[in-house]
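The structure appears right after this line, and notes come after that.
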Amino acid sequence: MPQALPTSRGQSPGVKKLLLLLFATGWAANHFAALIPVLHESGRYPSGSLEAAFGLYALGLLPSLLTGGALADRFHPRPLIVVGALAAAVGNLFILLSSGPLGTSLARFLVGLGVGISISAGNAWMARIRPNGGPTLAGTIITTGFAVGPLLGGLISELLPDSMNLAAPILTTVALSSITAMLVASIQVADSAGAELHGIDGSAAHPPARPLESLRPVLWRAIPMALWVFSCVTVPVVVLVTRMTDEFSGPVPAGLLSFTALGSGAITQIIARRRRWGFGSGPVGLVVAAAGFTVAAFFSDTATPALALGCAVLLGIAYGLNLRNGLMDIEALAPKSRRGLVGGIFYVATYTGFAVPYLLTTLEPVAGGTLPLLTLGALSLATAALRITQLRKASIPGRAPHNREIRAS
């Protein structure tokens with residue numbers, strides 16, 4: 001018997017299935033970070049091509065995040081989430097079948113399309129289940145998938161023979177995406193929980209149209225935070241990995257750095273939810289980002305792994321705080337009938353950070369490895385000043401309200 005999703009704060013089996021799919025989506029999106037060293041060693045990828053493929057994934061996200069969020073506002077999110085998860089599985093399978101940069105880049109683009117649909121529609125569904133705290137909980141679960149995927153993928157790749165060190169981690173994420181898609185497909189949506197936005201039978205009850213001007217306040221607050229989400233975490237996950245010595249290269253160090261950065265972000269979000277950290281933690285996240293960029297700027301080939309891990313922790317904490325604050329802006333300011341669209345726009349802005357590794361690689365022959373990262377640090381401090389100004393004008397309390405978001409944790 002299919003299980004229904006409630007609007008109460010309890011976690012039904014249906015809610016758990018949805019959260020499991022979001023975890024699998026994060027895994028599917030980011031496990032590629034641990035495979036970059038393996039693909040480099042194959043000799044089939046010129047310098048910078050894998051970094052470009054890593055970033056092209058974000059290009060696939062742009063249309064799917066926007067369309068997925070908008071369609072989730074108008075129709076039920078379940079079929080969108082399932083289609084997105086299956087598309088990500090197919091894209092990852094194509095990476096295994098690819099023989100060079102072009103095929104891998106197109107496969108990553110397809111992964112981006114699928115992940116974008118699942119994330120935007122999944123966040124929209126969680127916002128309906130829990131208007132207070134649903135999107136931030138979803139963000140924490142996705143972050144956990146981002147962290148665990150590269151670590152376990154790297155371990156699987158390292159422990160198996162060379163003949164399986166690429167196929168095994170890819171087939172693992174393909175299986176996980178496919179299984180969780182089937183689980184979500186079994187969730188019953190024709191229940192009273194969908195009456196307000198979808199009708200008793202799960203069909204769309206079209207929300208009233210709102211002018212785009214009504215979105216300006218939330219976008220003005222959330223987008224500056226979004227720009228510093230993946231801009232932070234891609235530096236340790238992609239950039240620092242390429243600057244490690246040969247002694248510390250390979251899929252396990254890459255997966256460990258990714259797990260450390262994203263795991264720090266997930267833990268930060270969990271602590272922030274439990275301790276009800278409010279909007280005042282946003283400027284803190286941006287200052288921590290500046291510190292992390294500064295450490296990364298002076299990272300050289302002879303630096304110790306401990307320094308790389310320390311940098312990953314700093315930028316992971318910044319990632320978690322920046323993501324949470326942007327999602328809190330959406331919860332507080334976005335019209336309920338447009339939260340899917342606003343969430344899609346927000347995540348589009350976050351994924352512009354996936355261009356950072358390619359940008360740094362391109363600038364390195366001209367500007368070196370230090371100046372561009374120091375510039376990122378200065379820009380994040382400027383954004384912190386903007387955030388402080390916004391909060392003072394809005395008279396926002398420093399702590400999050402004691403609502404279902406806290407109790408659900």
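Every number in this text was worked out from the coordinates using simple rules, so none of it is lab data. This structure is a prediction, so every number in the text was calculated from the model and none was measured. Glycine gets a Cβ as well: all are built from the backbone with ideal geometry, and neighbour counts include every protein chain shown.
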Practice task
Please list 355-362, 327-334 highest first by mean number of surrounding beta-carbon atoms within 10 Å per residue.
Solution key: 327-334, 355-362
Handout entry: Exposure proxy order (Cβ contacts within 10 Å, fewest to most) of S99, S118, S157
Key = S99, S157, S118
Problem - Added length on full extension, which subtracts the Cα-Cα distance from 0.36 nm per residue, V90 to S337 - result: 85.7 nm
Problem - Calculated FRET efficiency for the pair T304/R74, C-beta based, R₀ 60 Å, to 0.05 - result: 0.70
Exercise for the section: For a quick protection proxy, order the peptides 168-176, 129-137 by their average other-Cβ count within 10 Å, most packed first. Expected result: 129-137, 168-176
Practice task
Can you tell me which of 265-276, 365-376 comes out highest on packing, and rank the rest after it, using the mean Cβ neighbours within 10 Å?
Solution key: 265-276, 365-376
Completion exercise
Placing each pseudo-label 7 Å from Cα in the direction of the beta carbon, E158 and T375 end up separated by a distance in nanometres of 3.5 nm
Fill in the blank from the handout: FRET efficiency for L102 and I179 from the Cβ-Cβ distance with R0 = 25 Å, rounded to 0.05, comes out at 0.25
Fill in the blank from the handout: Expressed in angstrom and rounded, the centroid-to-centroid distance over alpha carbons for the stretch 79-99 and the stretch 305-373 is 24 Å
